[in-house]
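A.B. asks: Here it is, the structure in full.
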Amino acid sequence: MLVNLDEASARLKRGEVVAIPTETVYGLAADATNEAALRQIYAVKERPANNPLIVHIGDIGQVKDWATEFSPLAQKLAQAFWPGPFTLVLPAKSHVSMVIRANEPTVALRVPNHPLTLQLLKQSGLSVAAPSANKYTQLSPTTAAHVAAGLGDAVPVLDGGACTVGIESTIVSVAGDDWVLLRHGMISEAAITALAGKPAIKTLQTLPKAPGQHLLHYSPRTPLILCADTAELNGFLQTHFLANKTCAALLIGNTAQPNCTTIHLPAEPEKAAEQLYSALHTLDGLGVDTLLVALPPNTPAWAAVLDRLTRAGYKKV
Ligand code: TXA
Ligand code: MG
């Protein structure tokens with residue numbers, strides 16, 4: 001059910017959940033200070049309670065309301081990447097609900113870059129916790145229609161058009177001048193390294209692991225087979241054809257035409273990311289037996305797209 005800005009704001013203030021647009025994916029939002037509202041997020045998503053939520057704030061000045069430490073490195077990254085597809089995990093103030101942080105000592109914060117949602121945060125005076133607006137382990141939504149298809153029409157949606165980044169934010173945990181990359185996104189590891197002046201720490205006891213990074217995540221309902229290249233894809237196609245099974249394919253930056261319904265994504269990582277979930281939603285809706293994807297090259301520029309495809313896939317490369 002579509003709602004306008006005033007209605008979305010009123011519902012959030014009443015303690016209801018509302019799906020909101022961001023530049024990455026649609027989020028299922030609730031007032032970050034209302035535990036009953038926060039619990040509804042987990043209920044609607046059918047998400048386990050040990051998977052913490054990102055708090056969306058209106059501007060960098062609100063970090064101090066949620067975090068006990070905002071180190072010079074964390075400030076530098078926030079100033080460079082906010083509003084934008086970048087989430088900072090920082091030591092949490094004691095009042096931050098355990099429903100949000102799933103018993104972690106930290107809280108994840110992000111200023112999203114979407115005019116409607118920034119307006120909503122301003123108008124309501126709220127900060128909202130919001131995971132992606134899909135059922136647990138399923139494909140993230142990048143349009144209002146995806147949200148309705150995945151969560152049902154009873155969930156109110158503020159329609160802000162198609163998401164322009166298209167995959168979830170980069171997540172970085174910062175402790176002092178150390179940082180850890182918890183999730184790849186379109187703010188690249190190289191861009192963060194350049195600003196930080198040093199590379200990410202790979203494992204550090206004092207920094208949190210990434211809870212909720214389950215292997216099978218972001219998945220279409222149809223089995224998705226990951227292929228190294230179109231030759232391997234054509235091999236699978238042949239085997240499936242002989243077994244009387246139907247296939248559809250996703251090709252990225254590749255002009256080959258396999259002998260089945262195919263969606264082609266652009267060769268530029270930013271454009272491919274923007275269209276990735278939409279393409280997977282479309283392919284999933286075809287009702288074929290198997291989806292085949294020819295993976296992009298394993299280079300830093302493709303890290304975030306490769307991460308999402310690897311999690312969506314049934315066969316690891
Ligand atoms: O782009 C995005 O980040 C989207 C939009 C809606 O903002 N949100 C999103 O939320 O992707 P979700 O719930 O699907 O993923 C949030 C992830 C969790 O899986 C968890 O790993 C990590 O953020 N996270 C949240 N709080 C954390 C914390 N305190 N420590 C470590 N990781 C945390
Ligand atoms: Mg998600």
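Where a number appears in this text, it was derived from the coordinates with a stated rule and is not lab data. If you're wondering where the values come from, they're calculated on a predicted model, not measured in any experiment. Quick reminder, even Gly has a Cβ in these numbers, built from the backbone with ideal geometry, and neighbours come from all protein chains shown.
A.B. asks: Normalise the Cα radius of gyration of segment 240-279 by 2.2 N^0.38 Å (N = residues in it) and let me know the number.
C.D. replies: My calculation over the Cα atoms of segment 240-279 gives 1.34.
A.B. asks: With N denoting the number of residues in the chain, provide Rg(C-alpha) divided by 2.2 N^0.38 Å, to two decimal places.
C.D. replies: Compared with the compact-globule rule of thumb, the chain sits at 1.00.
A.B. asks: Moving on to the next point. Per the helix-only calculation at 222 nm, which mean residue ellipticity applies to the chain, given -39500 (n - 2.57) for every DSSP H run of n ≥ 4 and division by its residues, nearest 500 deg cm²/dmol?
C.D. replies: Mean residue ellipticity, 222 nm, calculated: -9000 deg cm²/dmol.
A.B. asks: Further, regarding this structure: How large are Rg and Dmax for segment 1-61 when only the alpha carbon atoms are used, in Å?
C.D. replies: 11.8, 33
A.B. asks: Return the tail of the calculated pair distribution for segment 57-102, meaning the percent of Cα-Cα pairs more than 14 Å apart.
C.D. replies: 49 percent
A.B. asks: Could you give the C-alpha radius of gyration of segment 145-195 expressed as a fraction of 2.2 N^0.38 Å, taking N as the number of residues it contains?
C.D. replies: 1.64
A.B. asks: Work the Kirkwood hydrodynamic radius out for segment 92-203: mean of 1/r over every pair of different alpha-carbon atoms, inverted, in Å.
C.D. replies: 16.5 Å
A.B. asks: Which pairs, out of LYS13/LYS93; LYS135/LYS198; LYS122/LYS202; LYS45/LYS202; LYS245/LYS271, put more than 27 Å between their alpha-carbon atoms?
C.D. replies: Result: LYS135/LYS198; LYS122/LYS202; LYS45/LYS202; LYS245/LYS271 exceed 27 Å.
A.B. asks: Shifting gears a bit: For segment 215-288, what log10 I(q)/I(0) values come out of the Debye formula at q = 0.17 1/Å, with one point per alpha carbon and no solvent?
C.D. replies: -0.66
A.B. asks: Moving on to the next point. Among 60-67, 29-36, how do they line up by average Cβ neighbours within 10 Å per residue, starting with the highest?
C.D. replies: Per-residue mean Cβ counts within 10 Å order the peptides as 29-36, 60-67.
A.B. asks: What number, in percent, do you get for the relative contact order of the chain if the mean sequence gap of Cα pairs under 8 Å and at least 6 apart is divided by its residue count?
C.D. replies: Here the relative contact order equals 20 percent.
A.B. asks: I'd like the Kirkwood hydrodynamic radius of segment 11-104, using the inverse of the mean 1/r over distinct C-alpha pairs, in Å.
C.D. replies: With all distinct Cα pairs of segment 11-104 included, I get 14.2 Å.
A.B. asks: Now a separate question. Starting with the highest mean, order 73-86, 260-273, 160-173 by the number of other Cβ atoms within 10 Å, averaged over the residues of each peptide.
C.D. replies: The packing order, highest mean first, is 160-173, 73-86, 260-273.
A.B. asks: Relative to the longest principal axis of the chain, what angle (0 to 90°, nearest 10) does the C-alpha long axis of helix 303-312 take?
C.D. replies: 70 degrees
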